[in-house]
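The values are calculated or read from the model by the stated rules, or taken from the named source; none is laboratory data. This is a predicted model, so every value here is computed, not measured. Neighbour counts are summed over all protein chains in view; Cβ atoms, including those assigned to glycine, are modelled from backbone coordinates with ideal geometry.
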Amino acid sequence: DTGVSQNPRHKITKRGQNVTFRCDPISEHNRLYWYRQTLGQGPEFLTYFQNEAQLEKSRLLSDRFSAERPKGSFSTLEIQRTEQGDSAMYLCASARGDRGFYEQFFGPGTRLTVL
Amino acid sequence: GQQLNQSPQSMFIQEGEDVSMNCTSSSIFNTWLWYKQEPGEGPVLLIALYKAGELTSNGRLTAQFGITRKDSFLNISASIPSDVGIYFCAEGSSNTGKLIFGQGTTLQVKP
C-alpha cells in the first residue's frame, strides 16, 4: 500500500533561488491538492488539480509559484526567486474524485527553509 | 472569509483521562473533518462528518457535527501517550473539496 509521497523532505535554499517539489499521489486518486503550513498554523490551500487540469488557485499563490500535473499523475510545485517568507512546510494531498474528495490523504510534506 | 476557531489551543493531560476539543465557525458548513498531525508528518484523517447532528466514532475517538452546522467537537476517551499531536478541524468546500483548517489543538499526554 503506497500512500502519498513527497520529495525532497527538506530543502534549504538561498533567497532568490528557484526550487521545485514533487508529489506522487495515491495511484487511483484523480484529485491532487497543494497546501502550505507555517509554524503554529493549520495548512492553507494553494491549488488543486482534477486529473491534469488545474481548477483553482489561491490568492496565496503569487506569480512566482507554478504547479503542474502533466499526465494527471505526479505533480510539481515550483517557486521562483524564493523569499524568506516562502519558508514553510509544503503539503500535498490526494483524493478520489467523487464525494471522497473531502477525505484527503496527505503526504509527509517538504519543509522549505529560505536563508 | 470563513474562519474556524478551535479550542482549547493546547491541553496537557494525564494518561487515561478523557479529552474534549471543539471547533466553531461564523458560517454554516456542509462537511466537518478532523485530522491529527504528528511532528514532521502530514495530517492524517480521523473522522469525516457530512450531516448536521451526525455522531461518528473511530475507536476511542468520537466526533459530532453540530445541529446548527456551525460547530463540531472531538472527544478522545482514555487517552494514551500516542494520542500526542496536533488535532485540526477542517471544513470541506462543497465545490472543490479544498479544506479550510482551524489553528489546531495541541495535545500532550503525561504517562
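Residue-level check: of (1) closer than 21 Å to A:Phe45 by Cα; (2) under 14 Å from the mean Cα position of the chain (by Cα); (3) among the small types (Gly, Ala, Ser), B:Ser7 misses just (1). How about the range A:1-35: which of its residues are small (Gly, Ala, Ser) and loosely packed, with under 15 Cβ neighbours inside 10 Å? If the condition is that a residue be small (Gly, Ala, Ser) and loosely packed, with under 15 Cβ neighbours inside 10 Å, then A:Gly3, A:Gly16, A:Ser27 are the ones that fit.
The condition of being touching a Pro at 6+ places or on another chain (Cβ under 6 Å) and of a type in the set (Asp, Glu) holds for only one of B:Glu15, B:Glu91, B:Glu54, B:Glu38, that being B:Glu15. Residues that are touching a Cys at 6+ places or on another chain (Cβ under 8 Å) and not aliphatic (A, V, I, L, M) were ranked within the range A:58-93; the one that is nearest to the other protein chains (Cβ to nearest Cβ) is A:Cys92. The strands (runs of 3 or more DSSP E) falling completely within the range B:1-110 that include 3 or more residues that are facing chain A (nearest Cβ under 10 Å) map to B:32-37, B:44-49, B:85-92, B:99-101. As a summary of the residue check, A:Gly42 satisfies the conditions (1) more than 11 Å from every other protein chain (Cβ to nearest Cβ); (2) crowded, with 16+ Cβ neighbours inside 10 Å; (3) within 20 Å of B:Gly92 (Cβ to Cβ) except for the one numbered (1).
Candidates B:Gly66, B:Gly42, B:Gly102, B:Gly53: the one that is of a type outside the set (S, T, N, Q), touching a strand residue (DSSP E or B) at 6+ places or on another chain (Cβ under 7 Å) and free of Cβ contacts under 8 Å to residues at least 12 places away in the same chain is B:Gly42.
Yes or no, residue by residue, for (1) modelled with pLDDT under 95; (2) closer than 26 Å to A:Leu91 by Cα; (3) touching a helix residue (DSSP H, G or I) at 6+ places or on another chain (Cβ under 8 Å):
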{"position": "B:Pro39", "(1), (2), (3)": "yes, yes, no"}
{"position": "B:Leu74", "(1), (2), (3)": "no, yes, no"}
{"position": "B:Gly85", "(1), (2), (3)": "no, yes, no"}
{"position": "B:Cys89", "(1), (2), (3)": "no, yes, no"}
{"position": "B:Pro111", "(1), (2), (3)": "yes, no, yes"}
